[in-house]
1. Among the residues of segment 221-234, count how many are within 18 Å of ASP431 (Cα to Cα) and crowded, with 24+ Cβ neighbours inside 10 Å.
2. Kindly list the number of the only condition in (1) free of Cβ contacts under 8 Å to residues at least 60 places away in the same chain; (2) open to solvent by less than 50 Å² (accessible area, probe 1.4 Å); (3) out of contact with any Lys or Arg (no Cβ under 7 Å at 6 or more places or on another chain) that fails for LEU268.
3. Suppose we filter segment 319-346 for residues that are surrounded by fewer than 16 Cβ atoms within 10 Å (Cβ to Cβ) and part of a helix (DSSP H, G or I); how many remain?
4. Give just the number: which of (1) aromatic (Phe, Trp, Tyr); (2) open to solvent by less than 30 Å² (accessible area, probe 1.4 Å); (3) within 30 Å of ASN432 (Cα to Cα) does PHE296 not satisfy?
5. Of the conditions (1) modelled with pLDDT of 90 or more; (2) open to solvent by 40 Å² or more (accessible area, probe 1.4 Å); (3) assigned to a helix (DSSP H, G or I), ARG166 clears all except one; give me its number.
6. Got a number for residues in segment 197-231 being more than 21 Å from THR108 (Cα to Cα) and free of Cβ contacts under 8 Å to residues at least 40 places away in the same chain?
7. When you check ARG369 against the structure, is it surrounded by 20 or more Cβ atoms within 10 Å (Cβ to Cβ), of a type in the set (Lys, Arg) and free of Cβ contacts under 8 Å to residues at least 60 places away in the same chain, yes or no?
8. Only one residue in ALA291, ALA284, ALA255 is at pLDDT 95 or above, of a type in the set (Gly, Ala, Ser) and open to solvent by 30 Å² or more (accessible area, probe 1.4 Å). Which one?
Amino acid sequence: MRAFPSNLDQAMPSDPPLNHEFFPAEDASPAPNAKRRLHTRTKEYLKVQIRNRTAAELALFAKGLAVALVTIVPTILTVIVISKAMVENGIVMTALRVPQSFEAAGYTSDTATQRLLDEIAALNRKSNAAKPKTVLGDTQLIDALSSIETPAGNLDLKSFQSLIQRVLGKTIIQISGEITTRKEDGKELTRLRLRQTPGRESLIDVETAQGAEDLFKKAALNLLEHIDPEIAAGIYFREYGDEESAMRLTAVALAGGHPDAEKYALNLRAYIYLGRGQIDQAMAASDSARAMDPDFVAVDYAKAFVLLAQKRPEEALESAKRGVDRAPDSDNSYNSLGIVLNAIGRKDEAIEAHKMALRKNNRSIVGYRRLAISLRDAGRSKEASEALLTGVAMVPSSAMLQSDYGEDLQRQGRNYEALGSLRKAYEMQPDNIRFQVGLAEAEFGQGHAADGSRLSTIIKNRVSNGEKLPANIKQRADKLISRATAPDSEAVTPPNPAR
């Protein structure tokens, strides 16, 4: 809303003065004078009070002021912490209990809790979901404030917290837990158990022999499965290529108990069905999501891809453009538009759309990957390589980008350099079949027959156990299986650090 009529915006220096109704001169000076008089009277009053009071009276006043401040300020902070948690998702994390061995390694109760929260934040940054990301608050501030001793005694902020929740009619879920260690077969296993209150319901129980950092990575995604299954489903599907886990978690989201998650879960199912070639089911899921919320912009993206699969390019482009019109500040809008444009042969426009997505979000994994694809399709291979190099520089924790960059280096004949990126992708997700295949090919290419055979045997055993591979991976996997030399000595797939 304008403060003044639009014609005033165009006033020139030679124009006559603006009408006084906009700048009433009579109000310009008295207000500061009145404020000055008030400040002067207050100062004089305080001087008189200090001069006329005894030292004992002043000391009593100061003590009373201190009591008021040390009581009121923590209470105000408590209200802020609780209100913030309620505005977000009503879930807060209390400090984890840790063993002495963790403290000796620098993981105190506070730092261990923060590491878990950091891993959840990292997963959220990777997530390309339309749903708002999961945010966990923490109650350590309330715990610290509750320990303050005042002349009136300790502050009972826990009771105050409960009172606020009852008045506002919303319960905050508190997550607490502990880390323990034990020895087994000469290995030290670390275990993290989390539970929620009220209800003392057990949330997760994960264990690893790979150390503290691996424990936090596993626990973070495991926890997301319970508190925000749709976000976890999207990470499994887009980052790990795990359709089975993604479909299972969309079922959890649709089963209830996760408010406002249903439309996001249905929309994600549209993508899963598309990946399986089940186009009719994909359209039904997309339509169901729109029926729940006609203004749900993410449906426009999914529907555009369904229409592409149905060989209806013009309608697909219209749907993608509608998504941009409705959410012009979203990188998802421009990435979706770029994918459609590239699919219908409008390469230059697709490239510009993905560049716009990256201007909106310079950490968009999809943006870098799809920009590289569009550039390569347009015959601009050098620029495609530069896009991927920028991507791994900006988001080095993305296994997908590391894998894409490694394969791009292989196309350039830079096989030794490619091995580094492909190993990084595999180390981040050691049970991802795509990364196993990519690394095995690179190891054989560098003459590392033992490492290549070990990975090939893992792939062979997965296929023998009935695992179905994506079409773009199967042919490559079959070639590797024929090179597997060890029968079944490496049958066990390495654990996924995110599960």
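The values are calculated or read from the model by the stated rules, or taken from the named source; none is laboratory data. In this text the structure is predicted, and so the values were computed from the model without any measurement. In this analysis, Cβ positions are derived from the backbone assuming ideal geometry, glycine residues included, and neighbour counts consider all displayed protein chains. The accessibility values were calculated without ligands, DNA or RNA, using every heavy atom of the protein model including side chains. Shrake-Rupley method; radii C 1.70, N 1.55, O 1.52, S 1.80 Å.
1. The qualifying residues number 4.
2. Answer for LEU268: the failing condition is (1).
3. Total satisfying the criteria: 2.
4. (3)
5. Among (1) modelled with pLDDT of 90 or more; (2) open to solvent by 40 Å² or more (accessible area, probe 1.4 Å); (3) assigned to a helix (DSSP H, G or I), ARG166 violates only (1).
6. Qualifying residue count, segment 197-231: 10.
7. Numbers: surrounded by 20 or more Cβ atoms within 10 Å (Cβ to Cβ): yes; of a type in the set (Lys, Arg): yes; free of Cβ contacts under 8 Å to residues at least 60 places away in the same chain: yes.
It is true that ARG369 is surrounded by 20 or more Cβ atoms within 10 Å (Cβ to Cβ), of a type in the set (Lys, Arg) and free of Cβ contacts under 8 Å to residues at least 60 places away in the same chain.
8. Details: ALA291 fails: at pLDDT 95 or above; ALA255 fails: at pLDDT 95 or above.
Criteria check complete, one pass: ALA284.
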